[in-house]
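The structure under discussion appears below in the form of structure tokens.
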Amino acid sequence: MEREGVKACASLSNGCHLLPLSFLPIGRISLDMESVRKGLRSGDLEKDTYERLSCTECDEVLKSQNDPDEIGTVRLCPECGREWKEVG
């Protein structure tokens, strides 16, 4: 449920709570992009012995893309162009 100036969020214990938009953190995370953790679990990404992330489709080591206006880091495959978000 959304109203003007209010955004809904899920609560683990009792349904849905409404938060004023002014209390939401500044920054954006693209919701259509898969996280690095999900990519590792699904087999789209793998780590080598030096903990470098690589795309399993292309066998290329991922590049990092840091935008100061965004939350987290975007990991990008230089070969196929797929992207994963890395928060934290």
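Give region 77-88 a look and list any residue that's more than 12 Å from the chain's Cα centre (by Cα) and over 15 Å from Glu46 (Cβ atoms), or say none.
Pro78, Gly81
Scanning region 34-56 for residues that are surrounded by 14 or more Cβ atoms within 10 Å (Cβ to Cβ) and either touching a Cys at 6+ places or on another chain (Cβ under 9 Å) or hydrophobic (A, V, I, L, M, F, W, C) (or both) gives Val36, Gly39, Leu40, Asp44, Leu45, Leu53, Ser54, Cys55.
Readers should treat all values here as calculations from the given coordinates under stated rules, not as data from a laboratory. This structure is a prediction, so every number in the text was calculated from the model and none was measured. Cβ atoms come from the backbone with ideal geometry, glycine included; neighbour counts cover every protein chain shown.
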